[in-house]
1. Given contacts defined as C-alpha pairs under 8 Å and at least six residues apart, what's the relative contact order of the chain, whole-number percent?
2. When Rg is the radius of gyration of the Cα atoms in the chain and Rh is its Kirkwood radius, what does Rg/Rh come to?
3. Just to confirm the number: angle between the C-alpha axis of helix 532-550 and the first principal axis of the chain, 0 to 90 degrees, nearest 10?
4. Suppose R0 equals 22 Å; then what is the FRET efficiency for K91 and K787 from their Cβ-Cβ distance, rounded to the nearest 0.05?
5. For the range 80-163, how big is the tail of P(r) above 21 Å, as a whole percent of Cα pairs?
6. Can you give the relative contact order of the range 86-168 as a percent, counting alpha carbon pairs under 8 Å and 6+ residues apart?
7. Treating the range 581-813 as a set of equal point scatterers at the Cα positions, no solvent, please give the Debye-formula log₁₀ I(q)/I(0) at q = 0.08, 0.13, 0.18 Å⁻¹.
8. Between K602 and S106, what is 0.36 nm times their sequence separation minus the Cα-Cα distance? Round to one decimal in nm.
Amino acid sequence: MSDAIVSQEAVFIGANRQSFTVDYNGSEKLVAYGAGNTIALWNPLASDSRGVTTTLKKHNKEVTGVRFIPGSDYLVSSGEDYEVNVWQKSKDSYELYQTLEGHEHSITCLAVINESVFVTGGADGNVILWTYDAIDLHFKLAHKFQVKASFLPLSLALQDIDENGNYLLAVGGTTSNVYIYTFNLHSSGQVEGFTESAVLSGHEDWIKCLQFVTDAKYKNYILASGSQDRYIRLWRLKLNELIDDSDEDESKLILLSNKQYKFNIGANSRGAFSFEALLMGHDDWVTGLQWHPSYRFGSALSDRRLQLLSSSADTALMVWEMDEESGIWVCVNRLGEMSIKGASTATGASGGFWSCLWFIDDTTQSQYILSNGKTGSIRVYKSTDSEAKTFESTLGVTGSTKEVSGLTWSLDGEYFTSVSLDQTARLYAPWVANRDYKSWHEFARPQIHGYDMICLDNITSSKYVSGGDEKILRVFEMTNSIYSLLKKLCNIEIVKEENVEALPEAASLPVLGLSNKANNEQQEVGQAAQESQDADEEVETVQVKEDVLSTLTTPPLEDYLQRYTLFPELEKLYGHGYEITCCATSPSGALIASACKSNSAKHAVIRVFNANKDYQQSPQVLEGHNLTITSLEFSHDGQYLLAVSRDRQLSLWKVTNEQEAQFELIELNPKAHTRIIWDCSWAPTNQFGNFFVTASRDKSIKLWKVESDIISTISTIKVDEPITSITCFGTDLVNNHMVIAIGLENGDITIFKLDLSTTTKQFEPIVNFDKRLTPADRISKLSFSTKFHDNKLLLAVASRDTSTRLYSIDKSVV
């Protein structure tokens, strides 16, 4: 067996909805971000636009914080699993260096300053200082404390203030105050003199983000604090002789307090915080703050004016700068998008941006601003202007934010579509036109739904059916604009040229609706009484949408994906009593079979819909199972329908009349496996007979043969973990061999081959995927492309770790 013949073509995985999960390492030109229970590594400056290249596995729950330690080879991550993991640079990736334990609940915030010390805060109320022991070469718990009873830390900031090891720690959380602590750090890693020195008051709600900066002009420091009260406050820290000893008149009525918060630092130093400025402009929670990268981590590397970047739940990124004449901080640049009217955290919306990041490409001096939002994508804004007065959107990374539950390749095997519990369907295709290399990207988001998405399958080259966590199936059709985009950038022709005109132009999601409608159908959907002027405006809007996609020279950015790449919904298919679990279409596209969740035989049935008869449900209901049917698949020749279930049985149905959607039960095997059967797949049509494979929680794969309407077990193999998905390659054998891929509950992937020309027909493992390339959690679905790509097999993988991955396997292995 070999793993050198497997390469990872693409990883699509969304960033977590956390404020401290995205960071940049300038020396490595690398962005790391928390993605599910993994850490994704991505080079945003790479010319090949590959996106995520590696995911680091150790956490077993969602990652809540990721930070590179400046000036070192270390990366720190924290998670909901109470763990703090330290990673060390190793070639092109990072290896686990140390796991730190000390928190008793989910870790909520993380701050770093240098290799000597970093700090974490948790939902257990604890704030922990971790220091580096230069003798043992390990990090250790140096100090643990709680700010006050019932206080949960939500944000942290560290600042070293002299060469004697004195530090400031700012803590914000579930009160409206910022708590300032001072301590001294010895070279041995010991913390001494830890003291609460000041409590900064002024905010009116919880503190979400904090960040220090060195103001070289005045030789002091500024602390920026952002709050759920929608405001940003700046606090100036002066040291020793710079402190103004005059006190304000407390009896004087003033709007903004100039009170100085004075304190001692060690034995010989003094410090004083004073309120500097109030920044108003955001309409919702302030979620992230980032000083200009020239000043990052307190080092003033340039004499440029101070600038502050902020992100907010109002979907805005704002760059602030102090006006030299008035001394007032004003917004000099605004990025992002206009927020939806009435949508805010106060009304239960979870939109907007969760964090912001600002860095400079040392090679070109271009500036980049990154932000992650609720859809999981990381948006990228680039400025080639030295003053960074204008930014333009450029390609970032996209991916699901919850378990990817299903995927399928297009009928021609050129692209694939996935569905996820984050309530989206996403279409991925290769960007090849006018380029020397190929990279995969998200080209459309056909569904943005109100329910978790579970399964999908193709009806024709332009239509597919999907099932969500609801009782109905929905049928969608590709739009002309997406067809044109795939043809232009991917050299993919979805349908024959003469049928292109039949495709709908574009689609949109009506207000308060869950059904995507073709724009030319809007008159039929609650808008029939519009005045002619409104109708003209609607036509104009459609034209704009067409023009937007037709002018693209790169894959769509997040804004376009959300607004302009929906597919219109053609039909709703009713009949099931509970949530849909699986669906399958016949090779001709005439029949759609589906099943739903069930605890009894009454609902553990297969319902069939006839696409050639306006998607009418067949009067014949396929009964026999006792529990939820987990997978359905038609044979490649369209003769049989196979079903497997949680009741450990498989059922085989023969299609006796496709036009009338009539079936005959061939066999209901009550002892197919000893545990839940998770998946099944048919072998390609071949001269040796009809074969299919099943995979079960009992850790076994079984090969079955259908001959004269009788099924029999031909071969069995056991593996080390429960098998959650299985798929066979293509519509033809490869050198008389079936090629079978299995996905396991722990995320591992193995490929087998099986020679159908022999009498023994034994499973032969040929590839074990490198664990560094595989997902970090259960495999939800595997699917081979239906054809070879440059003499390689392409395998798409959906996983519970929220990732969608694409692998290529060299044909020579078979």
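1. Normalised by residue count, the contact order of the chain is 8 percent.
2. Using Cα coordinates only, the ratio equals 1.02.
3. For helix 532-550, the angle is close to 90 degrees.
4. The pair K91/K787 has a calculated efficiency of 0.05.
5. The share of Cα pairs beyond 21 Å in the range 80-163 comes to 32 percent.
6. Working: 154 pairs, mean separation 19.8, N = 83.
Relative contact order comes out at 24 percent.
7. Here log10 of I(q) over I(0) equals -0.28, -0.76, -1.43.
8. 174.3 nm
A short reminder: the numbers here are calculations on the coordinates, not readings from a lab. Quantities reported herein were computed from a predicted structural model and do not represent experimental measurements. Please note: Cβ atoms are built from the backbone with ideal geometry, for glycine as well, and neighbour counts cover all protein chains shown.
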